[in-house]
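For reference, the structure discussed in these notes is given below.
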Amino acid sequence: MFFWFWPAPNYIRSRNWTCKNMLKTLTIALVLLFISLPTSAQKDQPEPDYALAFSSFAPLNTEVFIADADGRNARVLASNAGLDYDASFSPDGKWVIFTSTRNGSADLYRMHTDGTQLERLTDDPAFDDQAAISRDGTFVAFVSSRSGNADIWVMDLATRTPLRNLTKNSPAGDFRPSWSPDGKWIAFSSDRDSAKPKGNGGFEIAHSTEIYVVHPNGSGLRRVTNAREFAGSPTWSPDGKRLVFYQTTIAELNKTAGARRIPGLGQIAEIDLDSNETKIITSGENEKWSPRFVAAERIGYVSHGPDGGVEFSDGAKGSRGEFNSPDWSPDGRRMLFHRDVGNGWPPFQKWRSRDDHFKLVRTGVFPSFSPSGDNFVSNDETAGILHNSIIRMNADGSNSTVLFTDAVKSSLAPVWSPKGGKIAFAIGRFFQTIGGSAIADIATINADGSGLKILTKRDGNFGFPSWSPDEKHLVFRGASKEKGGLFIVDIETGDIRVLTSENHDNFPAWSPNGDVISFTGYRGGDFEIYTIRPDGTDLKRLTTSPGNDAHNSWSPDGKWIAFATGRGGFKDESALHPYNPQPYGEICVVRSDGSDVRVLTDNQFEEATPSWIPKPRSK
């Protein structure tokens with residue numbers, strides 16, 4: 001917005017300045033002033049900056065390694081503080097193309113195999129990943145969310161110009177492209193025919209993938225597998241007659257999809273494109289991922305599980321350990337892969353936001369800042385399913401100390417009171433569908449960790465408390481044999497009243513001015529954000545996305561609600577993201593009336609539990 005200012009009267013200092021000239025100039029000034037008056041859309045003051053903390057299943061710091069063909073003698077290709085991953089060789093073996101967040105968003109880069117001559121290939125705020133170079137070195141196929149979901153795009157490598165979206169006609173996710181040797185086809189996996197079954201807990205959406213092929217101009221799309229569960233990461237045989245891929249079942253995938261780290265089972269398969277005959281070419285335990293041809297009849301891949309590592313179809317074993325998205329050089333002598341080299345939990349990392357008005361910081365699970373903004377609390381483990389304690393840190397993530405712990409019961413989702421003197425949380429055992437009965441109560445402690453007070457003391461699974469602005473009540477999620485929904489407890493008397501009676505109502509959050517409570521509800525086929533008055537009246541639906549919305553939180557000024565959303569869908573094969581029950585989900589904000597939804601993150605990892613960071617009080 002530009003404002004025009006008229007010069008002060010002392011600017012007119014020439015005695016020859018005539019009334020006519022003055023009148024003419026004043027007329028121009030009035031016109032300029034009228035033009036510069038704000039319209040109704042411009043009357044609002046510039047948006048203030050906000051800050052949000054959130055949790056993520058992203059690795060702490062992945063690096064790309066280059067190693068011998070068996071994974072030994074590995075060295076980092078080009079270290080930096082961002083995430084580097086999904087690397088592959090150019091057809092001549094001289095270049096490495098990979099994904100990096102070193103400049104914010106996930107973009108494609110390339111460099112020589114000695115780590116020199118780094119070049120950025122894409123520069124788009126969307127997610128760009130999983131690049132594959134055509135055999136003649138002319139084009140790059142890659143996955144991008146620039147159209148709103150994960151599609152396969154083709155880019156001219158010389159001009160760095162994205163030429164076309166090959167899979168734009170489907171709203172589904174498309175992943176892991178691979179060029180045929182003659183350059184006439186691109187194979188990829190997709191969840192477009194997935195039934196998207198519910199995962200272990202019933203809330204998250206699982207998916208299944210099949211293998212497809214398409215011409216580089218977007219024509220000739222056809223499905224080549226019929227696994228009805230998981231077929232992923234296709235690669236072409238050198239003669240172009242077969243596709244090799246990994247195969248597993250949804251049941252086996254669900255074993256690994258969580259922090260319990262239970263190994264699953266998967267195999268490497270191949271399909272003859274002329275006969276459509278599929279056969280399994282591996283056996284034994286462990287999951288098996290990311291097959292690649294090392295020679296005409298020799299396939300390399302990686303296994304995940306006890307004693308997992310680099311494997312070969314002839315039975316040879318390479319180095320043991322974590323190897324993700326491997327690729328072998330054209331001569332079969334070198335190998336690329338990535339792994340997480342970060343350490344120290346919980347993290348405190350600045351994170352790229354797609355909207356400059358909303359700053360992002362990645363922390364531990366369920367962060368909550370004190371009203372002064374000087375400290376925050378969170379859970380200490382990487383997931384809510386684990387046995388959690390409450391830890392307290394300075395606002396910059398330093399000086400982490402255990403604030404409260406119980407040897408038997410887990411303490412989940414701590415939230416600071418509006419005046420800063422207390423912290424509410426749930427204590428007990430959670431996740432009813434996993435491992436048997438779950439009994440938990442709502443509790444409070446003083447800000448120094450003392451004075452434990454159990455408020456509910458009922459036979460149920462209660463959690464996710466949120467304070468009323470006057471600190472006299474807590475709203476929380478409840479589930480018992482009799483009923484479920486949202487409840488409000490009087491802090492002083494312990495009296496509890498029902499707010500809603502829908503079993504799937506969850507994650508309540510009291511607005512700063514106390515007039516409404518936002519929550520996640522299941523009333524229209526999926527989970528959306530709603531508001532309701534504390535007396536149970538005036539139910540309103542705020543979001544209408546096709547994906548689940550949850551984990552909502554109010555900005556300190558009450559103008560915005562932050563939440564986690566699945567509206568962007570999957571951006572990678574979930575089998576490649578073990579220990580994560582839901583490898584998708586972004587952080588969103590929406591105005592308190594349900595308008596102006598803004599998606600702040602865009603990647604293949606699950607992000608959730610957003611919480612607002614107050615501006616520190618001036619001293």
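Look through S417, S400 and report the one residue that is small (G, A, S), crowded, with 16+ Cβ neighbours inside 10 Å, under 30 Å from I262 (Cα atoms) and in contact with a strand residue (DSSP E or B) (Cβ under 7 Å, 6 or more places away or on another chain).
Values: S417 fails: under 30 Å from I262 (Cα atoms).
Of S417, S400, the one residue that is small (G, A, S), crowded, with 16+ Cβ neighbours inside 10 Å, under 30 Å from I262 (Cα atoms) and in contact with a strand residue (DSSP E or B) (Cβ under 7 Å, 6 or more places away or on another chain) is S400.
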Of all residues in region 542-575, which are open to solvent by 30 Å² or more (accessible area, probe 1.4 Å) and within 26 Å of R339 (Cβ to Cβ)? none
Residue within region 158-165 that is open to solvent by less than 60 Å² (accessible area, probe 1.4 Å) and of a type in the set (A, V, I, L, M) present: no
Does region 506-541 hold any residues that are of a type in the set (F, W, Y) and either within 17 Å of I561 (Cα to Cα) or open to solvent by less than 10 Å² (accessible area, probe 1.4 Å) (or both), and which are they? F507, W510, F519, F527, Y530
Here is a list of conditions, (1) part of a strand (DSSP E or B); (2) without any contact (Cβ under 8 Å) to a residue 40 or more places away in the chain; (3) of a type in the set (S, T, N, Q), and S325 meets all of them except one; can you say which number that is? (2)
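Being open to solvent by 10 Å² or more (accessible area, probe 1.4 Å) and under 31 Å from the mean Cα position of the chain (by Cα) is the filter here, so list the residues in region 466-486 that pass it. Spell out how you get there, then give the answer.
Our first condition is that a residue be open to solvent by 10 Å² or more (accessible area, probe 1.4 Å); within region 466-486, this holds for 466-467, 469-473, 477, 479-483.
Result: S466, W467, P469, R477, A479.
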Quick check on region 182-203: of everything there that is in contact with an Asp or Glu (Cβ under 7 Å, 6 or more places away or on another chain) and at pLDDT 95 or above, which residue is most open to solvent (accessible area, probe 1.4 Å)? G183
Selection count, region 450-465, where residues are hydrophobic (A, V, I, L, M, F, W, C) and open to solvent by 40 Å² or more (accessible area, probe 1.4 Å): 2
Restricting region 544-575 to residues that are within 22 Å of A126 (Cα to Cα) and aromatic (F, W, Y), the one modelled with the highest pLDDT turns out to be F563
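What do you reckon, is D314 in contact with a Lys or Arg (Cβ under 8 Å, 6 or more places away or on another chain), without any contact (Cβ under 8 Å) to a residue 60 or more places away in the chain and charged (D, E, K, R)?
Values: in contact with a Lys or Arg (Cβ under 8 Å, 6 or more places away or on another chain): yes; without any contact (Cβ under 8 Å) to a residue 60 or more places away in the chain: yes; charged (D, E, K, R): yes.
So D314 passes the test.
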Tally, over region 91-104, of residues that are open to solvent by 10 Å² or more (accessible area, probe 1.4 Å) and either among the basic types (K, R) or in contact (Cβ under 8 Å) with a residue 40 or more places away in the chain (or both): 6
In region 576-594, anything at pLDDT 90 or above and farther than 18 Å from T609 by Cβ is listed as L576, R591, S592, D593, G594
So which residues in region 306-322 are open to solvent by 30 Å² or more (accessible area, probe 1.4 Å) and part of a loop (DSSP other than H, G, I, E, B)? P306, D307, S313, D314, G315, A316, G321, E322
Check region 335-351 and report whether any residue there is over 23 Å from G82 (Cβ atoms), open to solvent by 30 Å² or more (accessible area, probe 1.4 Å) and modelled with pLDDT of 95 or more. no
I need a count of the residues in region 280-305 that are within 14 Å of T235 (Cα to Cα), of a type in the set (G, A, S) and open to solvent by 40 Å² or more (accessible area, probe 1.4 Å). 2
Wholly enclosed strands (runs of 3 or more DSSP E) of region 328-367 bearing at least 3 residues out of contact with any Lys or Arg (no Cβ under 9 Å at 6 or more places or on another chain) and at negative phi: 334-340
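Could you list, in sequence order, the residues of region 214-234 that are open to solvent by less than 20 Å² (accessible area, probe 1.4 Å), farther than 30 Å from E607 by Cα and either without any contact (Cβ under 8 Å) to a residue 60 or more places away in the chain or in a loop (DSSP other than H, G, I, E, B) (or both)? Walk me through how you get there before you give the answer.
Let us first name the residues in region 214-234 that are open to solvent by less than 20 Å² (accessible area, probe 1.4 Å), namely 214, 224-225, 230-234.
Narrowing the set further to residues that are farther than 30 Å from E607 by Cα leaves 214, 224-225.
Answer for region 214-234, where residues must be open to solvent by less than 20 Å² (accessible area, probe 1.4 Å), farther than 30 Å from E607 by Cα and either without any contact (Cβ under 8 Å) to a residue 60 or more places away in the chain or in a loop (DSSP other than H, G, I, E, B) (or both): V224, T225.
The values are calculated or read from the model by the stated rules, or taken from the named source; none is laboratory data. Keep in mind that this is a model prediction, so the values were computed, not measured. Ideal geometry is used to build each Cβ from the backbone, glycine not excepted, and the neighbour counts take in all protein chains shown. Ligands, DNA and RNA are stripped out before the accessible areas are found, and what is left, the full protein with its side chains, is counted by its heavy atoms. Shrake-Rupley method; radii C 1.70, N 1.55, O 1.52, S 1.80 Å.
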